[in-house]
1. Between residue 67 and residue 537, what is the spin-label point distance in nm, taking each point 7 Å from the Cα along the Cα→C-beta axis?
2. Report Rg(Cα)/(2.2 N^0.38 Å) for the stretch 81-130, keeping two decimals.
3. Binning at 5 angstrom from zero up to the longest distance, how are the C-alpha pair distances of the stretch 29-117 distributed in percent?
4. If you average 1/r over all unlike Cα pairs in the stretch 527-601 and invert the result, what Kirkwood radius do you get in angstrom?
5. Give me 734, 324 sorted ascending by neighbouring Cβ count inside 10 Å, so fewest comes first.
6. Once the stretch 436-544 is represented by equal point scatterers at the alpha-carbon sites, with solvent omitted, what log10 I(q)/I(0) does the Debye formula produce at q = 0.10, 0.16, 0.22 Å⁻¹?
7. Give me 129, 66 ranked fewest to most by other Cβ atoms within 10 Å of their Cβ, as a rough exposure proxy.
8. Given a Förster distance of 30 Å, report the FRET efficiency between residue 728 and residue 322 from their Cβ-Cβ distance, rounded to the nearest 0.05.
């Protein structure tokens, strides 16, 4: 240990400053960050861990206090980065609430599954293992991972609870508690088995649900999309999380000796990987699309979603060459890569036009895996800049300005921002990764950091590790364990005991990636989304819209491009089958969001089946709250549900107990493809709160079909339609049943009641 301490002292006095970075908008040098446009400066006070910033016009100093805290000692011989490390440690401890588990941040004292899990995986699982175990266990309910927030009444409209699997497995590898390991496996398994029944689509092999963490709907989805549309969509990042969960189950079941399970999870992970690549990869853009809107004619939004792209890389879905392409196909903003690209006009920064430090961290880890050191250092440098300027780890900042002011909402010491910065230290500089054998170290030290890095007193299970990195680059030239040469791929065993010294020597390892020309800049703004309506003029029918776009609008019929239109009107003709039209703004190289879908239908191709006239169990027939508008005989109508439905009544308070059902019996005049959905009410709460999304199993002619979602709509006065079933029907009589079975319980083991008006049946192409 004596020599180790001598090294730390020597590294400190040899060079006071060891990190330099220069970009168009800011520079880092001499222990100071300087913004070139404003001359704002932030720096660590020499000889202390305190940081001073004049970013807001007046000099402010953050006094970093880590007294009495247990943590590994770190130094890279740069006072600013060393001070930011201590700041991150302090704020990590401050984010442990009075109950002893992680809170989301200064403004958010409660715990959320996604915030906690992303943070624990990034760094807290191996730094604060006991707190992580306790925190993760608070997110288990009835043996399942808890989906505690999301659109439309939480689960299954939002289904990113599965990120818990990544965090819990990482923590289990660092914990000595064998019971916790088994508990993690059982909890992930139970949750995945439920999800395979509730939100997995057999048709495309993907899991449904809202984009993970991007749960301010108008920030990333077109405003016409209601919770039911979002719940029916497929998000890239969510599906990659499920892929990782399957891989974890595969490894854990093998470790536990449950061989029959291992085969299942191996097959599931392989199938899901194939489905992700098939449905999301966009060859001409060189990255994965953000989300797939489901329906009769699915539509992939080709926007860039940074967390999902990063997770796809770190999960090993694609090669290093393709990963490099993904990381560079869209040009970043000056202050980091925004969480989505392009940006939406007229939406205040939060997820839109915003950088989130924890997403930067995941992007950094993706760049490390890909060997893209340039991208890796950019995300690290921008993280240093924001933390130093704001004297805390902010929740987010505006991408176009690099400022924390101007976001819709923000918080200091945001847990996952703290964990993200620490991941740059531990997972990047020291290259820590954990597996069933032990701890591996694959460091990256940036070129200007000539003095390397030192870590003293890192606790790993029953061992204490002191690590010294010399040289720069990302290739290990020599590895010494307790003074003796070891293989460069040496793994510190899980059962290692006592204190040990590790020294790793690095050299640069140049990569030979093909240069990538970005398709567009992340800061670009997408053109306005068209929101058409139906108009009738002199017995002719038109789709009309008010939005303007210099390049015109692309018209799609049943998901197929038809023509580009300059104006804001398009004449329609009656058709034999119900038809879906939608528009996108012509946007050149920029991805285009889908405009409001317009269903054109008439009495020949669409009809209603009234619930109150059918055989049912549970609930009661009611007549209030129903429109008195009579059925129209128009040859063309826009959304029959908006103007035409029978006012005879509906089934109220339905589905409160197990076994409740409604049997919709109807005839179709000819064989073909049909779309079925149900008009309902769920006013149990606002669309963004609580756990009140209703779930029902469905059966057609006795054969189970998909799970149907009835999300919260915010009011018991508001009627809407459920998720649809698209299916082939033979000519003749059919029975469509919706049923409360074991798959319909909420996570709190509740059955959510709804009001049911009718079944809508449309013949489609």
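Read-outs: derived from the displayed coordinates by stated rules, not from any lab. Bear in mind the structure is a predicted one, so any value in this text is a computation, not a measurement. Because the Cβ atoms are built from the backbone with ideal geometry, glycine has one as well, and the counts that use them run over all protein chains shown.
1. So the label points at residue 67 and residue 537 sit 7.7 nm apart.
2. 1.11
3. 3, 13, 19, 18, 17, 14, 12, 4, 0
4. 12.6
5. Sorted ascending by nearby Cβ count, the order is 734, 324.
6. -0.50, -0.83, -1.18
7. 66, 129
8. 0.25
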